[in-house]
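Participant: Shown below is the structure under consideration.
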Amino acid sequence: MKVKDVMSRNVECITPESNIMDAAVKMRELNVGMLPVCGAGEKLVGMVTDRDITIRAVADGQNPSTARVKDIMTPDVIYCYDDVDAKEAAELMKEKQIRRLVVLDRSGRLVGVLHRRHGIRRHERRVVPGLHCVAAAVTLLARGVHPVGVHGGRPAGGEGTAEDDGPGDRVIGRRIVVGSAEGAA
C-alpha cells in the first residue's frame, strides 16, 4: 500500500507572512494541531504547530497579531513522497518519533499529510502531558485573548472540568489520555 492510498489529501497551508493569530484561528476551524507552511506553488517551506505557537510565541510574550509564522515555524520538515510504501513511511515516523508526516509529490508540491491514525497504528493509547494547556492557549489566541498563565482552562491546582478536551479523551491528573482502544476501560 502506498502513502497516497492512506494519507489525508485536503491539507490546508498557511503562508510564512501570516500572523500567528491567523494560524491559531485556522487550526481551530480545521480542528488540527499543525499547519504546513507553504510558499509559492504550494512548495513546503516549514511547519507550524499549536505547540510552536504556545512555546515559541506566547511564552515569549509575542503579540499574536504581529508575530509572523515564519518566525516560529520549524523550517526543516521531515517528509516523504506520496509514491513510497506506507510501511516505509511508518518506519520513518517511528524512527524520528513523529506523529504526522508531510507528503509531497515528486515535484516537491504538498499533496497530503500522513498521521499515525491512518491505519499505521490503530487503537493506540497515548498519554500527552500538558495537551490541554496547549489547546487552551491556541483557543484563546484564536479568540484574540493573550493567554498568559493558562492552565488549560482549569485552575492552577489542576481540578476542573474536561469540557475543552476532545471527545473520548479522559483527564488523568494533569494529563489527557487521547483516544482509546475499543473496549478499554
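Laboratory data are not the source of any read-out in this text; all were calculated from the coordinates shown. On a predicted model such as this, the values are computed, not experimentally measured, just so you know. Neighbour counts are summed over all protein chains in view; Cβ atoms, including those assigned to glycine, are modelled from backbone coordinates with ideal geometry.
Participant: How big is the Rg/Rh ratio for segment 3-115, C-alpha atoms only, Rh by Kirkwood, two decimals?
Facilitator: The Rg/Rh ratio comes out at 0.98.
Participant: Separate question: Which order results if Thr74, Thr54 are arranged by neighbouring Cβ count within 10 Å, fewest first?
Facilitator: Least crowded to most crowded, the residues run Thr74, Thr54.
Participant: What nm value, rounded to one decimal, do you get for the distance between Lys96 and Leu30 when each label is placed 7 Å out toward the C-beta?
Facilitator: About 1.7 nm, to one decimal.
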